[in-house]
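Report on one structure; see the data block that follows.
The values are calculated or read from the model by the stated rules, or taken from the named source; none is laboratory data. Computed from a predicted structure; not experimentally measured. Cβ coordinates were reconstructed from backbone atoms using ideal geometry, including for glycine residues, and neighbour counts include every protein chain displayed.
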Amino acid sequence: MQKIARYLLQDKILVVSASCACIGLTCGRPQMSDINWSTIENLFSLMVCVQILQSFQILNTCSSQMLHHSANTRQICRLFILLAFFSAMFLTNDVAILTLVPMFINLAQQQKIETAYPLTLIVIAANLGSALTPMGNPQNLFLINFYHLNITTFFKLAAPLAGASFILLMFFCTFLPNQPIITHHRNKKVIKWPAWLLAGGLIAINLGGIFNLVPKQMAVIVTVVCGWIIDRQIYQRLDYALLLTFVCFFIFVSELNHNQAITQAIQALIQSPAAVYLLGLITSQFISNVPTVILLAKFTQAVPALFLGVNIGGLGSIVASLANLLALKQLIQLNKTTQIRVFIKVFTWVNFLSLLILGILGFFYLQWR
């Protein structure tokens with residue numbers, strides 16, 4: 001029991017979310033029915049799926065191949081950014097960051113690359129790339145479950161943001177450091193086709209479960225059984241603190257929703273899609289985009305505005321997205337304390353610039369559509 005408590009208390013994000021849930025008791029009394037267990041269930045299944053994918057070392061192999069085929073540091077940084085963008089669509093932004101950040105930092109040390117700017121773009125790429133798929137980030141999962149979106153509706157919402165994000169990232173990539181590659185470290189591990197087939201099948205069945213194309217319980221059971229057969233140690237590596245963090249978020253938002261003054265203020269503020277969009281952007285900067293979408297969804301049917309608001313709202317402050325905090329936590333865990341101040345400075349400038357650009361584009365897109 002002490003070991004479990006120590007493990008949970010070491011997760012600062014969980015501690016903060018649990019503290020918010022406790023403080024929120026002064027605002028209102030939460031209801032267990034307000035916890036979206038379907039989202040928690042989907043998140044658990046995806047976490048198992050991701051651990052299975054990681055056990056196949058797909059990302060490690062890809063990064064090794066990228067280094068082998070890169071002629072300079074700009075190319076390798078760009079490839080890491082692209083890998084973050086596209087892998088986050090299927091492995092979630094959190095997992096993309098947890099996997100790629102340590103790999104990139106180690107590579108940057110070998111190649112003597114200044115990490116702050118490329119690392120910032122990797123985090124931004126993971127956040128923006130994850131917006132294209134329902135499994136990419138928790139706010140998308142919640143929106144699909146809460147509004148019962150079908151697959152066509154969802155991708156119509158996500159595609160314009162993904163396209164604009166990709167163009168913006170490629171523009172930022174032109175400012176990456178451009179130095180010759182010092183050495184090549186090639187991983188000769190070959191991933192056999194059954195592993196690729198199983199990985200694709202698990203992603204497909206989880207996607208089907210999210211969109212109710214197959215029974216959700218079946219998707220969860222198949223994923224859990226596959227994980228148990230492939231590697232039972234998977235269940236020791238799962239980030240249970242992340243699941244508890246989202247439970248705390250649901251509780252905190254439930255407390256706010258049961259405070260009459262807060263609900264009246266929100267209802268007064270979100271009288272139009274533009275207001276929903278702007279409130280999503282702004283609120284995310286202070287309480288993160290996942291609690292924001294949970295808080296606002298109850299009061300609006302303006303799904304496009306809310307979707308864009310919370311996904312673009314993941315840019316900006318260091319607390320705007322859990323993925324941002326995870327990247328910072330990775331730096332701390334890797335004992336890169338001398339780089340943290342520089343990283344936060346660069347991260348803040350580039351993120352707020354990205355927020356400004358995409359925020360303006362998103363606003364005019366909502367007016368146009």
| said: If I ask for residues that are polar (S, T, N, Q) and either farther than 24 Å from V290 by Cβ or at pLDDT below 80 (or both), which ones from the range 231-245 would you list? | reply: Q233, Q236
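If I ask for residues that are of a type in the set (G, A, S) and either surrounded by fewer than 24 Cβ atoms within 10 Å (Cβ to Cβ) or touching a Cys at 6+ places or on another chain (Cβ under 7 Å) (or both), which ones from the range 83-108 would you list? Even if it seems obvious, please write down each step before you answer.
Residues of the range 83-108 that are of a type in the set (G, A, S), as a first pass: 84, 87-88, 96, 108.
Within the range 83-108, A108 is the sole residue that qualifies.
Would you check if there is a residue in the range 96-110 being closer than 22 Å to P291 by Cβ and at pLDDT below 80?
Of the residues in the range 96-110, the ones closer than 22 Å to P291 by Cβ are 96-98.
Now restrict to residues that are at pLDDT below 80: 98.
Yes.
Please enumerate the residues belonging to the range 123-150 that are hydrophobic (A, V, I, L, M, F, W, C) and either farther than 23 Å from C49 by Cα or under 12 Å from the mean Cα position of the chain (by Cα) (or both).
V123, I124, A125, A126, L128, A131, L132, M135, L141
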| So how many residues does the range 9-32 have that are free of Cβ contacts under 8 Å to residues at least 24 places away in the same chain and within 17 Å of Y240 (Cβ to Cβ)? | 4
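Can you find a residue in the range 123-133 that is farther than 30 Å from I332 by Cα and either touching a Ser or Thr at 6+ places or on another chain (Cβ under 8 Å) or crowded, with 24+ Cβ neighbours inside 10 Å (or both)? Even if it seems obvious, please write down each step before you answer.
Step one: filter the range 123-133 for residues farther than 30 Å from I332 by Cα, giving none.
No, there is no match, as no residue in the range 123-133 is farther than 30 Å from I332 by Cα and either touching a Ser or Thr at 6+ places or on another chain (Cβ under 8 Å) or crowded, with 24+ Cβ neighbours inside 10 Å (or both).
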| Taking L161 and the conditions (1) surrounded by fewer than 24 Cβ atoms within 10 Å (Cβ to Cβ); (2) outside any helix (DSSP H, G or I); (3) out of contact with any Lys or Arg (no Cβ under 7 Å at 6 or more places or on another chain); (4) modelled with pLDDT of 85 or more, which numbered condition does it fall short on, given that it satisfies the others? | (2)
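Let me confirm something: among I113, I97, I122, I151, which residue is touching a residue at least 40 places away in the same chain (Cβ under 8 Å), of a type in the set (V, I, T) and under 21 Å from W37 (Cα atoms)? Walk me through how you get there before you give the answer.
On the way: I113 fails: under 21 Å from W37 (Cα atoms); I97 fails: under 21 Å from W37 (Cα atoms); I122 fails: under 21 Å from W37 (Cα atoms).
Of the residues listed, the single one that is touching a residue at least 40 places away in the same chain (Cβ under 8 Å), of a type in the set (V, I, T) and under 21 Å from W37 (Cα atoms) is I151.
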| message | Considering only the range 346-362, I want to know if a residue exists there that is crowded, with 16+ Cβ neighbours inside 10 Å and closer than 21 Å to K12 by Cα. | response | yes
| Wholly within the range 251-356, helices (runs of 4 or more DSSP H) carrying at least 1 residues that are at pLDDT 90 or above | 273-287, 289-297, 303-312
